[in-house]
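Encoded as structure tokens, the structure appears first; notes follow it.
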Amino acid sequence: MNEMRELNSPALLQTRGVTKVFGGGIGKSKTTAIENFTFTIEGEPPSITALVGESGSGKSTLAQLLLGLMTPTSGEVLYLGKSLDRMDASEKQQFRRDIQIIFQDPFDVYNPVYKVDHLLTVPIEKFHLASSKSERKQLMESALVAVGLDPQELLGRYPHQLSGGQRQRIAIARVLLIRPRMIIADEPVSMVDASLRASILANLQQLNRDFRISILYITHDLATAFQISTNIVVLYRGSVVEAGDITEVIQSPKHPYTQLLIDSIPKPNPSQKWGGGATLSRTSSAADPGQGCKFADRCPHVMQACRISRPPLFKTEEHRAVACFLYNDVPQIGLEDLDTIFVSRQTTDNG
Amino acid sequence: MSISILEVNDLKINYYTPNRVIKAVDGISFDIQSGERFGLVGESGSGKSTVAMAILGLIKQPGRVESGEIWFTNGNGGEEPLANTRVNIRSLSLEQIRRLRLAGVALVPQGAMNSLNPVKKIRAQMLDGMVDHGILLSGHEKDERIKELLESVGLRQEVANMYPHELSGGMKQRVAIAIAISLRPKLIIADEPTSALDVIVQRQVMETLFELQDRLQASVLMVGHDMGLMAQSVHRLGVMYAGKLVEVGEVTDIFGHPQDSYTQRLIASLPSLTRKSSLV
């Protein structure tokens, strides 16, 4: 790789101590969706990072914060080193072009009364990507071809005439047209049939490699995350519980929550007991964890210390940090230093 | 000795489109024993959900059941006039099928978020089926019944007075299970019951379903595409491809020694947690 990021040039997208609290009106309880989250997505080299957690872990809230669709209660989101709420109009325009999203539901992003072409023509007009009608058509066709679709078959059709997989790939073609620097993919394959998932993930991987686009892959599916990502951040109720090199985290999870997640994946082997035979507590407690560890109520290894304060990040390996007192014999790192443990693509690319 | 709750013989179902006839189900046969969990697995378009719909008597235009039989044996406690009888679902009148649904064969639908009515409280939706089947309960009995059903799926009784949007995906799926078992059916059809849920909630919901199945001594027909989930859930498995059953057998045999090449590919297609493979 020859294009190295210049020293001191600001990161593409960054969060600094971001917290988002919902509710808290008179007589209403507060929910902290994201708590003190610091994290960086580099544009160069382009990365694929997985953000994993169960429903309610705050992963979609984070996506909205990163897109500027929501403002943090405290902390800030920075695009090229500048806080989103301090950008001028032209910077905002550039931001909206550079950071794109692919949504979970390939049915909801289409307006049923417009042909699917509409999804592609809108960005072309808004971002002035084409100067003539023929150029516009050519642009649309090449984007569709790039994601493995046949433009003759699809253009001019209505959304209801297409399968979920086709719709999701058109959404990817749309993103490709815009040539962003980063894509936030929020559960892009969870509503697509299993046999089509691989091709959509392959499309994302291709965007990353061929078009040098960084991807934040938000999901609850650890297996697909493992297949396409280099690094992983595991969230539990708004806090990072484990992060780092995805191969290390998936193959030898250290945090009891990550272990529970991996044990809960149904293995295609009837003699291997689901969840390792461990029983689950029926309800995930929504009780306020106070100052203690948020996972303490469900944790099989809970100790005295877990009830008293939130565990900091312990740097268990060069490329891994775990927020759990089980590892308090290794050095701590600050929440703001989470970035330092991630693997940079050059050292791990297995091509 | 166990008895066959369901016997499907040489079932054929076609869909008629303006251009051609699609053989969605092309002559399949299988049976489900009492207390057994049977899985039908295949990719979308393989016909697995069409089979489930046929058992519920829900094949509609442009689909048509062309031939074959679907024998259902209702155990004790079934609703009259179907108690202790063996009936061919294909030969029942619409009214008889209506009575059979929920009371004899019940469906846990795919994506409960879309199957609950957004403007009705959970309580009313749970009572709908009972009312429809002519079960008359006093106000107090209704409260008791709802409390009992919600408890059986691990939900608090306050859930009854909530609207679907106030519940999480896993809670909605539990409500759907509570409704499905409300008339103590002999066969529960679960059509991809947990495909939209994360793994931990998925495991909790499946454990709840199987616990209830044991208690009701019902059978389960599980329809889906997730081989991992099937391996952990069913006793016997049928693999469907293009409307045909390419392999049927004990789940340990199918995963241990898959005979058909499609079954082998289906097992191999699961994303691995131990080895990265190139997708591009």
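I'd like to verify a number: residues in the stretch A:19-64 that are within 24 Å of A:ARG209 (Cβ to Cβ) and acidic (Asp, Glu), how many? Give the steps one after another, and end with the answer.
We begin by selecting, within the stretch A:19-64, every residue within 24 Å of A:ARG209 (Cβ to Cβ); these are A:39-52, A:63.
From what is left, the residues that are acidic (Asp, Glu) are A:42, A:44.
Going through the stretch A:19-64 one residue at a time, the tally reaches 2.
May I ask you to list the residues in the stretch A:34-50 that are modelled with pLDDT under 90 and not charged (D, E, K, R)?
Start the filter on the stretch A:34-50 by keeping residues that are modelled with pLDDT under 90, which leaves A:42-45.
A:GLY43, A:PRO45 - these are the residues of the stretch A:34-50 that are modelled with pLDDT under 90 and not charged (D, E, K, R).
Provide a single number: the residues in the stretch A:297-313 that are crowded, with 21+ Cβ neighbours inside 10 Å, free of Cβ contacts under 8 Å to residues at least 24 places away in the same chain and under 26 Å from the mean Cα position of the chain (by Cα).
Within the stretch A:297-313, the subset crowded, with 21+ Cβ neighbours inside 10 Å is A:306, A:311, A:313.
Filter again for free of Cβ contacts under 8 Å to residues at least 24 places away in the same chain, leaving A:306, A:311.
Still in the running and under 26 Å from the mean Cα position of the chain (by Cα): A:311.
Going through the stretch A:297-313 one residue at a time, the tally reaches 1.
Every residue, every condition in (1) of a type in the set (S, T, N, Q); (2) in contact with a Pro (Cβ under 6 Å, 6 or more places away or on another chain); (3) within 19 Å of A:ILE200 (Cβ to Cβ), yes or no:
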site	(1), (2), (3)
A:PHE127	no, no, no
A:GLU141	no, yes, no
A:GLY148	no, no, yes
A:HIS160	no, no, no
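Working only within the stretch B:152-168, note down all residues that are surrounded by fewer than 20 Cβ atoms within 10 Å (Cβ to Cβ), of a type outside the set (Ser, Thr, Tyr) and closer than 15 Å to B:LEU209 by Cβ.
Across the stretch B:152-168, the qualifying residue is only B:GLY154.
Mind checking which residues of the stretch A:166-205 are at the interface with chain B (Cβ under 9 Å from one of its Cβ atoms) and without any contact (Cβ under 8 Å) to a residue 40 or more places away in the chain?
Correct list: A:ASP193, A:ALA194, A:SER195, A:LEU196, A:ARG197, A:ALA198, A:LEU201, A:ALA202.
Just to be sure, is B:ARG275 in a helix (DSSP H, G or I) and basic (Lys, Arg)? Break it down into steps so the answer makes sense when it comes.
Numbers: in a helix (DSSP H, G or I): no; basic (Lys, Arg): yes.
No: the conditions fail for B:ARG275.
Results for (1) at pLDDT 90 or above; (2) small (Gly, Ala, Ser), shown as yes or no for each residue.
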{"site": "B:ASN19", "(1), (2)": "no, no"}
{"site": "B:LEU40", "(1), (2)": "yes, no"}
{"site": "B:GLY63", "(1), (2)": "yes, yes"}
{"site": "B:ILE97", "(1), (2)": "yes, no"}
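Name, by its number, the condition in (1) in contact with a Gly (Cβ under 7 Å, 6 or more places away or on another chain); (2) surrounded by fewer than 23 Cβ atoms within 10 Å (Cβ to Cβ); (3) within 14 Å of chain A (Cβ to nearest Cβ) that does not hold for B:MET230.
(2)
Can you tell me how many residues within the stretch A:281-321 are modelled with pLDDT under 90 and in contact with a Leu (Cβ under 8 Å, 6 or more places away or on another chain)?
Of the residues in that region, 1 qualify.
Mind listing just one residue for me: the one in the stretch B:243-268 that is small (Gly, Ala, Ser) and surrounded by 16 or more Cβ atoms within 10 Å (Cβ to Cβ) and, of those, nearest to the other protein chains (Cβ to nearest Cβ)? Full working, then the answer.
Quick first cut of the stretch B:243-268, residues small (Gly, Ala, Ser) only: B:243, B:249, B:256, B:261, B:268.
Subsequent filtering for residues that are surrounded by 16 or more Cβ atoms within 10 Å (Cβ to Cβ) retains B:243, B:249.
On the way: B:GLY243: 16, B:GLY249: 12 Å.
Here the answer is B:GLY249.
Where in the stretch A:3-95 are there strands (runs of 3 or more DSSP E), lying fully within it, with 2 or more residues that are of a type in the set (A, V, I, L, M, F, W, C), touching a residue at least 12 places away in the same chain (Cβ under 8 Å) and within 27 Å of A:ILE178 (Cα to Cα)? Break it down into steps so the answer makes sense when it comes.
Values: elements: A:13-23, A:30-41, A:48-52, A:74-79.
In the stretch A:3-95, the matching strands (runs of 3 or more DSSP E) lie at A:30-41, A:48-52, A:74-79.
Please go through the stretch B:46-70 and give me each residue that is surrounded by fewer than 17 Cβ atoms within 10 Å (Cβ to Cβ) and farther than 23 Å from B:ARG184 by Cβ, ordered by number.
First, the residues of the stretch B:46-70 that are surrounded by fewer than 17 Cβ atoms within 10 Å (Cβ to Cβ): B:58, B:60-62, B:64, B:66-67, B:69.
Residues satisfying the conditions are B:LYS60, B:GLN61, B:PRO62, B:ARG64, B:GLU66, B:SER67, B:GLU69.
Is the stretch B:102-116 home to any residue that is within 20 Å of the chain's Cα centre (by Cα), at positive phi, surrounded by 14 or more Cβ atoms within 10 Å (Cβ to Cβ) and at pLDDT below 90?
Here is the first cut: in the stretch B:102-116, the residues within 20 Å of the chain's Cα centre (by Cα) are B:102-116.
Then drop every residue that is not at positive phi, which leaves B:102, B:111.
Still in the running and surrounded by 14 or more Cβ atoms within 10 Å (Cβ to Cβ): B:102, B:111.
Then drop every residue that is not at pLDDT below 90, which leaves B:111.
The answer is yes, given that some residue of the stretch B:102-116 is within 20 Å of the chain's Cα centre (by Cα), at positive phi, surrounded by 14 or more Cβ atoms within 10 Å (Cβ to Cβ) and at pLDDT below 90.
Quick check on my filter: what residues within the stretch B:149-192 are touching a Gly at 6+ places or on another chain (Cβ under 8 Å), more than 13 Å from every other protein chain (Cβ to nearest Cβ) and at pLDDT below 90?
Across the stretch B:149-192, the qualifying residue is only B:ASP191.
Condition (residue is surrounded by fewer than 23 Cβ atoms within 10 Å (Cβ to Cβ), within 13 Å of chain A (Cβ to nearest Cβ) and touching a strand residue (DSSP E or B) at 6+ places or on another chain (Cβ under 8 Å)) applied to the stretch B:203-219: is it met by at least one residue?
So far as the stretch B:203-219 goes, yes, one or more of its residues are surrounded by fewer than 23 Cβ atoms within 10 Å (Cβ to Cβ), within 13 Å of chain A (Cβ to nearest Cβ) and touching a strand residue (DSSP E or B) at 6+ places or on another chain (Cβ under 8 Å).
The values are calculated or read from the model by the stated rules, or taken from the named source; none is laboratory data. Please read these numbers as outputs of a predicted model, since none were measured by experiment. Cβ atoms come from the backbone with ideal geometry, glycine included; neighbour counts cover every protein chain shown.
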